[in-house]
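Dropping the structure in here first, questions after.
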C-alpha cells in the first residue's frame, strides 16, 4: 500500500504574502507576511507537501500577463528556498467572476485538480484561507477548513468571525500561518490510542 501524501493547500495573497487590492503584478510587490515562509519550511521539514491555490482574476482583467505571474511565483519560491522551504506547485484560476468557471474559488475546481494530481482524498487535506469565499471552496471540496487572521481576515471583529465560522462548520481559526503550522505539527505528534485506551 502506498503511503498517504501529507498535503496542505494554501491560499496565496493574505496568507503567504501581504494582500493588495490592486493585485500583485510584479515580484517587487510580493511582500511576505512575517513568519509565513518559515511556517512553510517547518511544515516541509516535517514531511508536509504544500501547494498554493489562488484566484488571479487580474489575468482575466488584463492587469497582469502570464510572464509576470510566473515571475512573481519564481520570486516567491526563491524567498522560500532562502529559509529552507518550498511550494510544490501553484494552481491558479485566471478567470473573472463573470466567466462563471469551476476553478474560481468558492468553486472547488482547483482543489479537485490538486486532489487528482496527488491521488489523494481531499478529506485528509487541510486548506488555509483568509476569506469566507476560500473557506467555502475548502468545504465544497471536502477539505479541512482553516482560517488565518491575516490578509483580509485581519480586520474581522469577533461577531464577523463568528458569522463566518458558522457558515463553514468545522473551521479552525489561527492568528497566522505560523500558528497553523504549530497546530498541525502538534496534532501530528499526538499519540494514537489503542482500542479501549483513553487519551
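The values are calculated or read from the model by the stated rules, or taken from the named source; none is laboratory data. Computed from a predicted model, the values in this text were never measured in an experiment. As a convention, Cβ positions derive from the backbone with ideal geometry for all residues, glycine included, and neighbour counts pool all protein chains shown.
What single numbered condition from (1) surrounded by 19 or more Cβ atoms within 10 Å (Cβ to Cβ); (2) under 18 Å from residue 8 (Cα atoms) fails to hold for residue 151?
Of the numbered conditions (1) surrounded by 19 or more Cβ atoms within 10 Å (Cβ to Cβ); (2) under 18 Å from residue 8 (Cα atoms), the odd one out for residue 151 is (2).
For residue 78, only one of the following conditions fails: (1) at pLDDT 95 or above; (2) over 25 Å from residue 153 (Cα atoms); (3) in a loop (DSSP other than H, G, I, E, B). What is its number?
Failed condition: (3).
Please tell me if residue 41 is in a helix (DSSP H, G or I) and in contact (Cβ under 8 Å) with a residue 12 or more places away in the chain. If you could, list the steps in order and put the result at the bottom.
Working: in a helix (DSSP H, G or I): yes; in contact (Cβ under 8 Å) with a residue 12 or more places away in the chain: yes.
In short, yes.
Among 172, 125, 168, which is in contact (Cβ under 8 Å) with a residue 24 or more places away in the chain, in contact with a strand residue (DSSP E or B) (Cβ under 9 Å, 6 or more places away or on another chain) and either exposed (fewer than 12 other Cβ atoms within 10 Å of the Cβ) or more than 25 Å from residue 41 (Cα to Cα) (or both)?
Working: 172 fails: either exposed (fewer than 12 other Cβ atoms within 10 Å of the Cβ) or more than 25 Å from residue 41 (Cα to Cα) (or both); 125 fails: either exposed (fewer than 12 other Cβ atoms within 10 Å of the Cβ) or more than 25 Å from residue 41 (Cα to Cα) (or both).
None of the others qualify; the one that does is 168.
In this structure, does residue 133 turn out to be within 19 Å of residue 172 (Cβ to Cβ), within 13 Å of the chain's Cα centre (by Cα) and part of a helix (DSSP H, G or I)? Write out each step before concluding.
Details: within 19 Å of residue 172 (Cβ to Cβ): yes; within 13 Å of the chain's Cα centre (by Cα): yes; part of a helix (DSSP H, G or I): yes.
So residue 133 fits the description; yes.
Criterion first (surrounded by fewer than 16 Cβ atoms within 10 Å (Cβ to Cβ) and either outside any helix (DSSP H, G or I) or touching a strand residue (DSSP E or B) at 6+ places or on another chain (Cβ under 8 Å) (or both)) does residue 63 satisfy it?
Taking the combined requirement at face value, the residue satisfies it.
If you don't mind, there's one more thing I want to ask. State whether one or more residues within region 98-105 are in contact (Cβ under 8 Å) with a residue 24 or more places away in the chain and either assigned to a loop (DSSP other than H, G, I, E, B) or farther than 18 Å from residue 56 by Cβ (or both). Break it down stepwise before answering.
Going through region 98-105, the residues in contact (Cβ under 8 Å) with a residue 24 or more places away in the chain turn out to be 99, 104-105.
Checking which are either assigned to a loop (DSSP other than H, G, I, E, B) or farther than 18 Å from residue 56 by Cβ (or both) leaves us with 104-105.
Yes - at least one qualifying residue is present in region 98-105.
Taking only pairs six or more apart or across chains, which ones have beta-carbon atoms under 7 Å, a first residue in region 134-157 that is free of Cβ contacts under 8 Å to residues at least 24 places away in the same chain, and a second residue that is crowded, with 24+ Cβ neighbours inside 10 Å and in a loop (DSSP other than H, G, I, E, B)?
Cβ pairs passing all conditions: none.
Does residue 86 qualify as being at pLDDT 90 or above, closer than 23 Å to residue 175 by Cβ and either in a loop (DSSP other than H, G, I, E, B) or more than 19 Å from the chain's Cα centre (by Cα) (or both)? Spell out how you get there, then give the answer.
Numbers: at pLDDT 90 or above: yes; closer than 23 Å to residue 175 by Cβ: no; either in a loop (DSSP other than H, G, I, E, B) or more than 19 Å from the chain's Cα centre (by Cα) (or both): yes.
No; evaluated as a whole, the condition is false for this residue.
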